[in-house]
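Some notes on the structure that comes next.
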Amino acid sequence: MNTGFRTLWTIALSHAFHGGMSDALAFVVPPATQDALKAMRAMAREIDGRLHVLIEEDADGHALIDSTGRTLVFGLAPRSATFVQYTGDLGLQKGQQALFANAVSIDAIDAQPTGVRISGSRITITPKRDERPLTLRAVTAGGLPKASITLSPTDASWQWDAGGLQGEVQITEEAQPGMVLAQQRLFIAPGLADCWGVLTLQIAADHVLHGHDFTLTLPAREDVLRYYVLVKPANQADFDSIQIQDQGAATDSRNPVTFTRHVPPFGQGHLSPDLLDPGHTRQLVLFEANAPIARQARGPHGIALQRLGEVLIGDLPQPGADRGDAQFVVHLSKP
């Protein structure tokens, strides 16, 4: 019998920081998914930042194994340590990782991920609550109880071996039966605990018949641009003439960035004037953007520093992938 392979899925990443399609994330295929692919007579191959899932078909173009209804799990691993620095807020709590799925629509990756803790089978669970005794219960996403323990006053955490259990698990913390004080959401996936996030996709019948393209879309981090300009002006009129204007909006096909001019003292969260000019030998002016803007690998361009109508710096620096904030100090050395 002649057989071949055809595409079940193509999975790509679009990141606003890069302006579209990106290879910023690698797709990790854990052991459980490798086993599932073998059972499906399928394979996964990553090429140029896209993950291709291929299924085997017979000479008539029919899938050898009907995989409709199966769910495959993939890890999402940043290729650069700066990935979390330029990726926007996904609404997750501190310590949570992103779980993406096609739960809302079988044909699209949900825009909003679920916050989970990705773990292996052996898990140390530290309760959020300090009450003791405290009962911890592990319940699957389908509502099936899997394990429980009551912590005594000397117990700080629960060392739980989930065995062969995989997928979403809810941990509830109860001081009394049925009285839930706090919850934690786990995603048990051996081999993926070190990943930034995880992607779970369910296979639809139409995917098997015709193939399907998925795109995981991520936002860029947003910052308020702040430029602190230190100068020895010739006079007050010279100092007052210093301005920052966005001259590149039309070229970049975007809305212009506007700034408000401030002189010390500045508000909380700003750089200290004493830190910027310890000797108090210069005048200081701050130009603060009136709204946050998304980080971009390139641009925005044309944000210019002017004095007396002359452009001194045509392209002021922008926060790239590796900056912790969007605050810049500019020194004008000549009056």
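Couple of notes before you dig in:
- Residue within the stretch 42-49 that is free of Cβ contacts under 8 Å to residues at least 12 places away in the same chain, farther than 18 Å from LEU201 by Cβ and not in a strand (DSSP E or B) present: no
- Filtered residues of the stretch 213-230 (kept if within 17 Å of ALA108 (Cβ to Cβ) and either hydroxyl-bearing (Ser, Thr, Tyr) or open to solvent by 40 Å² or more (accessible area, probe 1.4 Å) (or both)): ASP213, THR215, THR217, PRO219
- When the criteria are applied in full, ASP35 meets the requirement of being acidic (Asp, Glu) and either open to solvent by 70 Å² or more (accessible area, probe 1.4 Å) or free of Cβ contacts under 8 Å to residues at least 12 places away in the same chain (or both).
- Among the residues listed as ALA204, ALA189, the single one being small (Gly, Ala, Ser), open to solvent by less than 10 Å² (accessible area, probe 1.4 Å) and in contact with a Gly (Cβ under 9 Å, 6 or more places away or on another chain): ALA189
- Taking the criterion of being open to solvent by 70 Å² or more (accessible area, probe 1.4 Å) and either touching a residue at least 40 places away in the same chain (Cβ under 8 Å) or of a type in the set (Phe, Trp, Tyr) (or both), the residues of the stretch 149-175 that qualify are ASP161, GLY164, GLN166.
- Residue list for the stretch 251-292, filter: assigned to a strand (DSSP E or B) and open to solvent by 40 Å² or more (accessible area, probe 1.4 Å): THR260, ARG261, HIS262, GLN283
- Output for the stretch 293-327, where each listed residue is of a type in the set (Gly, Ala, Ser), open to solvent by less than 50 Å² (accessible area, probe 1.4 Å) and over 20 Å from the mean Cα position of the chain (by Cα): GLY299, GLY302, ALA304, GLY314
- Residues (modelled with pLDDT under 95 and within 30 Å of GLY20 (Cα to Cα)) located in the stretch 297-317: ALA297, ARG298, GLY299, PRO300, HIS301
- Counting only strands (runs of 3 or more DSSP E) that fall entirely inside the stretch 124-177 and contain at least 1 residues that are more than 31 Å from the chain's Cα centre (by Cα), the qualifying elements are 134-140, 145-151, 167-176.
- Residue in the stretch 31-39 that is at pLDDT 95 or above, of a type outside the set (D, E, K, R) and part of a strand (DSSP E or B) present: no
- Of all residues in the stretch 58-75, those that are farther than 13 Å from ALA101 by Cα and part of a loop (DSSP other than H, G, I, E, B) have Cβ atoms under 8 Å from Cβ atoms of residues that are of a type in the set (Asp, Glu) and at pLDDT 95 or above, 6 or more apart or on another chain, in LEU64/GLU56; LEU64/GLU57; ILE65/GLU56.
- None of ALA101, ALA44, ALA77, ALA108 is surrounded by fewer than 20 Cβ atoms within 10 Å (Cβ to Cβ), under 30 Å from ASN2 (Cβ atoms) and at pLDDT 95 or above except ALA44.
The values are calculated or read from the model by the stated rules, or taken from the named source; none is laboratory data. Not measured: the values here are computed from a predicted model. Reconstructed Cβ throughout: ideal geometry from the backbone, glycine too, with neighbour counts over all protein chains shown. To get the accessible areas, we keep the full protein, side chains included, count just its heavy atoms, and leave off ligands, DNA and RNA. Shrake-Rupley method; radii C 1.70, N 1.55, O 1.52, S 1.80 Å.
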